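K.L.:
Dropping the structure in here first, questions after.
The values are calculated or read from the model by the stated rules, or taken from the named source; none is laboratory data. Remember, it's a predicted structure, so these values are computed and weren't measured experimentally. Please note: Cβ atoms are built from the backbone with ideal geometry, for glycine as well, and neighbour counts cover all protein chains shown.
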Amino acid sequence: MTTTETTAAATGASALVKLAGVAKYYGNIRALQDVSLEVSAGEITCVLGDNGAGKSTLIKIIAGLHRHDAGTFEIEGEETVLANPRAALDHGIATVYQDLAVVPLMPVWRNFFLGSEPTKGRGPLRRLDVDLMRRTTRDELLRMGIDLRDVDQPIGTLSGGERQCVAIARAVHFGAKVLVLDEPTAALGVKQSGVVLKYVAAARDAGLGVVLITHNPHHAYLVGDRFVLLKRGTMAGSHTRDSITLDELTRQMAGGSELDELSHELERVAESGSGVGVTDATARGAGRTGPAGPADQASRTTAPTRDDTTR
Amino acid sequence: MSAAATAVDERLAPASLVRRLLGRPELGAVVGAVAVFVFFSIVAPTFLQASSLSTILYSASTIGIMAVPVAMLMIGGEFDLSAGVMVTTSALVSSMFSYQMTANVWVGVLVSLLVTLAVGFFNGFMLTRTRLPSFIITLGTFLMLTGLNLGFTKLISGTVSTKSIADMEGFPSARALFASKWEIGSVTLQITVLWWLALVAVATWILLRTRAGNWIFAVGGGADAARAVGVPVVKTRIGLYMGVALCAWISGQHILFSFDVVQSGEGVGNEFLYIIAAVIGGCLMTGGYGSAIGSAVGAFIFGMTSNGIVYAQWNPDWFKFFLGAMLLLATLLNAWVRKRAEASK
């Protein structure tokens with residue numbers, strides 16, 4: 001608790017988004033209590049926590065889906081209560097959800113502009129500026145380093161990593177100041193996770209403040225500047241990058257002594273397995289980076305017939 | 001559509017016309033339509049006469065006018081079971097208001113428009129407010145409208161049908177708009193065919209080239225995602241139900257001005273014909289996929305089947321069976337072709 005207060009005091013003025021002592025109740029269930037967090041431009045704040053730690057609730061408050069019940073929520077120094085997701089977007093807070101907020105059956109370019117479609121013409125002739133939409137989608141994705149074969153393919157036919165990148169590129173294009181990412185690497189293989197983290201870093205370098213929600217301390221430590229640890233709805237710790245090591249972060253996230261116990265148990269397993277552990281791990285890693293993870297496969301089978309040019 | 005893409009990527013094999021067609025939602029319906037056409041051309045010689053074709057077009061148009069908004073609604077992920085009786089409600093309101101108020105029939109026509117749109121709004125509003133399945137909401141509206149149609153008509157006219165309004169002021173001009181027909185040689189062209197084609201064109205424009213169209217696909221394909229990116233989900237849904245109401249009004253006015261009197265019990269069961277036409281036309285029952293043109297092809301299949309049975313001089317007692325079997329076959333063929341299309345990619 002004390003660490004947060006000091007860091008918040010030190011950089012409070014420049015923070016894009018600053019939460020202090022925020023709480024959220026669902027009826028008599030305390031989903032979140034006394035959580036503080038801040039993110040400044042060109043900075044990545046990671047929110048770490050196990051399942052049920054309150055990460056989703058926190059993200060929903062920042063994204064405007066839920067209102068906080070206690071504490072303060074400041075956007076660029078001004079205290080705010082967000083009425084809905086649109087209000088969050090208007091304040092420059094773009095959220096990329098775990099399900100990515102994309103419509104799988106719709107082409108990439110329609111998804112890219114969904115909800116903010118550019119039009120041309122007037123009155124009854126007011127229509128989508130299709131050429132602009134297609135061109136901008138291709139260019140924006142290219143700028144992020146994604147070379148898409150065909151922006152006309154349904155977004156459901158893209159891999160999980162590609163979809164994640166499209167969602168990030170969309171947020172950047174629409175002038176987001178703060179990018180909130182909900183477990184962007186959760187369903188991805190090692191290689192794809194790396195690609196996504198690269199785009200997260202690219203967004204940071206473009207001057208955005210990023211809130212990265214994850215349960216993977218390794219991914220968090222690769223890109224994060226600040227780390228907020230959540231545990232059972234409360235804040236278990238708040239650190240800057242130079243005040244904590246990866247090992248310590250992992251330890252804290254897993255709950256210190258619990259992890260020690262786990263590693264003991266695992267060591268015993270490894271000894272009895274006599275060195276198979278290493279090769280096993282790499283094999284699994286390779287399997288995950290294969291051409292299509294289970295998530296991709298699922299989305300492919302549900303993919304529509306509209307697009308005939310992709311395969 | 002995709003021909004407009006400026007830079008062609010070398011990783012894309014140039015899509016042949018056939019492949020491009022295979023990707024369209026209407027394809028299965030078109031193949032089904034050709035199959036039904038060939039079938040009846042063989043078993044019913046009179047099927048191919050020009051006069052038969054105009055009859056088929058007319059009965060296709062009466063279903064097609066409603067199949068267009070029902071298809072759009074289905075793309076938006078919802079059903080409307082009240083669509084059939086809503087047509088009758090619209091006709092009854094128009095007729096009885098003019099008759100009772102002894103007003104110009106155009107007054108009744110406009111009152112009917114407002115009432116019908118209000119019913120559509122009610123459907124959409126109830127759906128978005130209660131979040132109950134549209135099946136339940138519109139089933140309720142269906143039953144209520146059925147009762148109101150009969151109850152009010154008996155209360156006001158004393159019988160189950162409305163009084164004639166043919167001698168009232170404004171009737172000829174209203175008839176010209178809603179129920180004209182032209183003799184071209186041996187062929188009769190009904191104005192409903194023009195209404196139908198115009199609606200298909202407008203709906204296609206809306207679906208593919210406007211923001212609202214983008215929203216309809218998004219609401220049907222992923223409502224949560226749509227809401228999260230700022231799509232007005234509630235407005236889109238209510239708008240879709242009001243679109244169904246608008247077309248029910250057009251359809252109802254056609255019935256009124258072509259038959260002069262309206263039977264209060266009509267329209268029950270037609271909602272399924274609209275839904276069937278939309279589904280045959282390639283709309284996914286789960287939403288997010290489909291087209292207005294497909295619904296037109298679906299309606300055309302209905303027109304061919306219902307009239308083809310007559311031309312084939314089969315016992316009309318079996319009509320419903322053949323209709324059902326035809327529709328099932330067409331839908332199966334549709335699904336099969338879509339699967340093939342998917343596999344060929």
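K.L.:
Within segment A:122-138, how many residues are more than 10 Å from every other protein chain (Cβ to nearest Cβ) and either polar (S, T, N, Q) or loosely packed, with under 12 Cβ neighbours inside 10 Å (or both)?
P.N.:
Result for segment A:122-138: 4.
K.L.:
Can you confirm whether segment B:302-311 contains a residue that is closer than 16 Å to B:Phe39 by Cα, surrounded by fewer than 24 Cβ atoms within 10 Å (Cβ to Cβ), at pLDDT below 85 and away from chain A (no Cβ under 14 Å)?
P.N.:
No, the conditions are met nowhere in segment B:302-311.
K.L.:
Could you say whether any residue in segment A:125-140 is touching a residue at least 40 places away in the same chain (Cβ under 8 Å), within 30 Å of A:Ala187 (Cβ to Cβ) and out of contact with any helix residue (DSSP H, G or I) (no Cβ under 6 Å at 6 or more places or on another chain)?
P.N.:
no
K.L.:
Sticking with this structure for a sec: Got a number for residues in segment B:302-321 being outside any helix (DSSP H, G or I) and at negative phi?
P.N.:
Counting residues in segment B:302-321 that are outside any helix (DSSP H, G or I) and at negative phi gives 3.
K.L.:
When you check B:Ala176 against the structure, is it in a helix (DSSP H, G or I), free of Cβ contacts under 8 Å to residues at least 24 places away in the same chain and more than 14 Å from chain A (Cβ to nearest Cβ), yes or no?
P.N.:
Numbers: in a helix (DSSP H, G or I): yes; free of Cβ contacts under 8 Å to residues at least 24 places away in the same chain: yes; more than 14 Å from chain A (Cβ to nearest Cβ): yes.
Judged against the criteria, B:Ala176 is a match.
K.L.:
Same structure, new question: If you go through segment B:181-217, how many residues are within 14 Å of chain A (Cβ to nearest Cβ) and touching a residue at least 24 places away in the same chain (Cβ under 8 Å)?
P.N.:
So in segment B:181-217, the residues within 14 Å of chain A (Cβ to nearest Cβ) come out as B:198, B:201-217.
Then keep just the ones that are touching a residue at least 24 places away in the same chain (Cβ under 8 Å); that gives B:203-204, B:206-208, B:212, B:216-217.
Number of matching residues: 8.
K.L.:
Right, here's the next one. Just give me the residues in segment A:68-108 being farther than 24 Å from A:Leu229 by Cβ, more than 11 Å from every other protein chain (Cβ to nearest Cβ) and among the charged types (D, E, K, R), in sequence order.
P.N.:
Scanning segment A:68-108 gives A:Glu76, A:Glu78, A:Glu79.
K.L.:
Let me ask another. Do we find a residue being under 18 Å from B:Ala223 (Cα atoms), within 13 Å of chain B (Cβ to nearest Cβ) and aliphatic (A, V, I, L, M) anywhere in segment A:50-63?
P.N.:
Looking for residues that are under 18 Å from B:Ala223 (Cα atoms), within 13 Å of chain B (Cβ to nearest Cβ) and aliphatic (A, V, I, L, M), one finds at least one in segment A:50-63, hence yes.
K.L.:
Now for a separate question. Within segment B:222-238, is even one residue on the phi < 0 side of the Ramachandran plot, crowded, with 17+ Cβ neighbours inside 10 Å, in contact (Cβ under 8 Å) with a residue 12 or more places away in the chain and away from every other protein chain (no Cβ under 14 Å)?
P.N.:
yes
K.L.:
Now for a different question. For A:Thr185, indicate whether it is at pLDDT below 85, buried (at least 23 other Cβ atoms within 10 Å of the Cβ) and not hydrophobic (A, V, I, L, M, F, W, C).
P.N.:
yes
K.L.:
For segment B:1-91, please list each of the helices (runs of 4 or more DSSP H) lying entirely inside it that holds at least 2 residues being more than 14 Å from chain A (Cβ to nearest Cβ) and modelled with pLDDT of 80 or more.
P.N.:
Correct list: B:27-43, B:50-75.
K.L.:
To continue, here is another question. Would you confirm, using the coordinates I've provided, whether A:Ser56 is polar (S, T, N, Q) and in contact with an Asp or Glu (Cβ under 8 Å, 6 or more places away or on another chain)? Talk me through it step by step, then tell me what you get.
P.N.:
Values: polar (S, T, N, Q): yes; in contact with an Asp or Glu (Cβ under 8 Å, 6 or more places away or on another chain): yes.
Criteria met by A:Ser56.
K.L.:
Continuing with the same structure: The conditions are (1) on the phi > 0 side of the Ramachandran plot; (2) at pLDDT 85 or above; (3) assigned to a loop (DSSP other than H, G, I, E, B); (4) of a type outside the set (S, T, N, Q), and A:Gly71 fails exactly one of them. Which is it?
P.N.:
It is condition (3) that A:Gly71 fails.
K.L.:
Here's something else I'd like to know. Which condition does A:Leu148 not pass, out of (1) surrounded by fewer than 19 Cβ atoms within 10 Å (Cβ to Cβ); (2) touching a residue at least 12 places away in the same chain (Cβ under 8 Å); (3) among the hydrophobic types (A, V, I, L, M, F, W, C), if it passes all the others?
P.N.:
Single failed check for A:Leu148: (1).
K.L.:
Right, here's the next one. If you go through segment B:327-338 one residue at a time, do you hit one that is at pLDDT below 90, surrounded by fewer than 23 Cβ atoms within 10 Å (Cβ to Cβ) and touching a Phe, Trp or Tyr at 6+ places or on another chain (Cβ under 9 Å)?
P.N.:
Yes: one or more hits.
K.L.:
Search segment B:249-308 for residues being of a type in the set (Ser, Thr, Tyr) and out of contact with any Ser or Thr (no Cβ under 9 Å at 6 or more places or on another chain), and hand back the single one that is farthest from B:Asp224 (Cα to Cα). Let's see the steps before the verdict.
P.N.:
Initial filter on segment B:249-308 (of a type in the set (Ser, Thr, Tyr)): B:251, B:258, B:264, B:274, B:286, B:289, B:291, B:295, B:305-306.
The next check asks that each one be out of contact with any Ser or Thr (no Cβ under 9 Å at 6 or more places or on another chain); those that pass are B:286, B:295, B:305.
Working: B:Thr286: 15, B:Ser295: 27, B:Thr305: 40 Å.
Out of the qualifying residues, it is B:Thr305.
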